[in-house]
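So the structure is just underneath, and the comments pick up after that.
The values are calculated or read from the model by the stated rules, or taken from the named source; none is laboratory data. Being a predicted model, the structure only gives us computed values, none of them experimental. We place every Cβ from the backbone using ideal geometry, glycine too, and count neighbours over all the protein chains shown. Ligands, DNA and RNA are excluded from the accessible area calculation, which covers all protein heavy atoms including side chains. Shrake-Rupley method; radii C 1.70, N 1.55, O 1.52, S 1.80 Å.
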Amino acid sequence: DAKTTQPNSMESNEEEPVHLPCNHSTISGTDYIHWYRQLPSQGPEYVIHGLTSNVNNRMASLAIAEDRKSSTLILHRATLRDAAVYYCILAMNRDDKIIFGKGTRLHILP
Amino acid sequence: NAGVMQNPRHLVRRRGQEARLRCSPMKGHSHVYWYRQLPEEGLKFMVYLQKENIIDESGMPKERFSAEFPKEGPSILRIQQVVRGDSAAYFCASSHGTGLITEAFFGQGTRLTVV
């Protein structure tokens with residue numbers, strides 16, 4: 001099964017950009033890259049997803065390496081509310097379920 | 001359009017009792033997923049259902065746990081004869097299609113405490 005590797009935790013200062021890395025060296029050609037986050041005491045929340053091209057939405061940007069073996073979630077201006085666990089997930093084309101790894105716990109320093 | 005609704009938000013059960021957790025998916029969503037999160041741990045997939053069908057229950061414990069998603073009404077996760085180890089947050093998610101392409105929307109969870 002394709003897997004992702006993320007740092008256990010990261011810190012960033014408030015109002016600065018944050019780059020959250022994810023490695024997925026065994027990704028297959030039709031696997032989508034999804035990002036979710038889970039704020040304290042809440043359910044997970046969809047952030048963004050992409051296949052090959054970089055993607056932008058109101059929450060974040062997703063930069064995908066040309067070989068697709070890694071990607072980076074970019075929060076352009078972190079706020080305290082962005083403190084959460086961020087999950088990088090591969091949507092496998094032979095499974096219908098989202099499998100969460102351990103994610104990256106992002107701490108935002110005021 | 002209301003989001004995914006789970007109830008109750010908090011549930012306390014004595015050992016040996018039954019726990020029934022309800023999940024109403026977003027309007028128009030026919031795919032429901034249940035996850036369990038133990039304290040300070042990650043989310044573990046339990047079961048994936050479509051209307052009246054269990055598609056994938058590979059994450060469900062073999063005994064005491066069952067799930068359904070009837071034609072009418074919410075999806076129900078039932079835990080019989082609860083034990084202390086069942087204490088956890090249970091999250092439900094729904095989507096238009098599979099989680100492969102479309103985003104999944106999660107509820108706020110039901111926090112089950114077994115005393």
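Of note:
- Spatial separation of Cα centroids for region B:32-100 and region A:1-68, in angstrom: 25 Å
- Once divided by 2.2 N^0.38 Å, the Cα radius of gyration of region B:1-41 becomes 1.44.
- Within region B:42-115: Cβ-based charge dipole about Cα centre, in debye rounded to nearest 20 (Lys, Arg +1; Asp, Glu -1): 260 debye
- A P(r) calculated from all alpha carbon pairs of chain B, with 5 Å bins opening at zero, reads 2, 13, 23, 27, 20, 10, 4, 1, 0 percent.
- For B:GLN17, distant residues with modelled amide H under 5 Å away: B:VAL82
- 3J(HN,Hα) along region A:100-105, derived from phi through the Karplus expression 6.51 cos²θ - 1.76 cosθ + 1.60 where θ = phi - 60°, amounts to 8, x, 8, x, 10, 8 Hz, with x in place of Gly and Pro.
- Average accessible area per residue (Å²) across the protein assembly as shown - probe 1.4 Å, nucleic acids and ligands excluded: 51 Å²
- The length gained by stretching the chain between A:ASN57 and A:ARG81 to full extension, at 0.36 nm per residue less their Cα-Cα distance, is 6.9 nm.
- Shielding by partners, peptide A:45-56 (average Cβ within 10 angstrom, other chains): 2
- Estimated vicinal HN-Hα couplings, Hz - region B:51-65 in sequence order (Karplus 6.51, -1.76, 1.60; Gly, Pro = x): 3, 6, 9, 8, 8, 8, 10, 5, x, 7, x, 5, 10, 6, 9
- Within the protein assembly as shown, all pairs of alpha-carbon atoms sorted by distance into 10 Å bins from zero give the percentages 8, 32, 34, 20, 5, 0.
- Computed accessible area, A:SER28, all protein chains, 1.4 angstrom probe, square angstrom: 40 Å²
- Summarising the overall dimensions of chain A from its C-alpha atoms, the Rg and Dmax are 13.3, 43 angstrom.
- Distance violations [Cα-Cα > 28 Å] among A:LYS3/B:LYS27; B:LYS44/B:LYS71; A:LYS102/B:LYS71; A:LYS3/B:LYS71; A:LYS69/A:LYS97: A:LYS3/B:LYS27; A:LYS102/B:LYS71; A:LYS3/B:LYS71
- Peptide A:98-108 has a mean of 3 when you count, residue by residue, the C-beta atoms of other protein chains within 10 Å of its C-beta.
- Inter-chain Cβ neighbour average for residues A:33-43, partner chain, 10 Å: 4
- Computed with a 1.4 Å probe on the full set of protein chains, the accessible area for B:GLU41 sits at about 100 Å².
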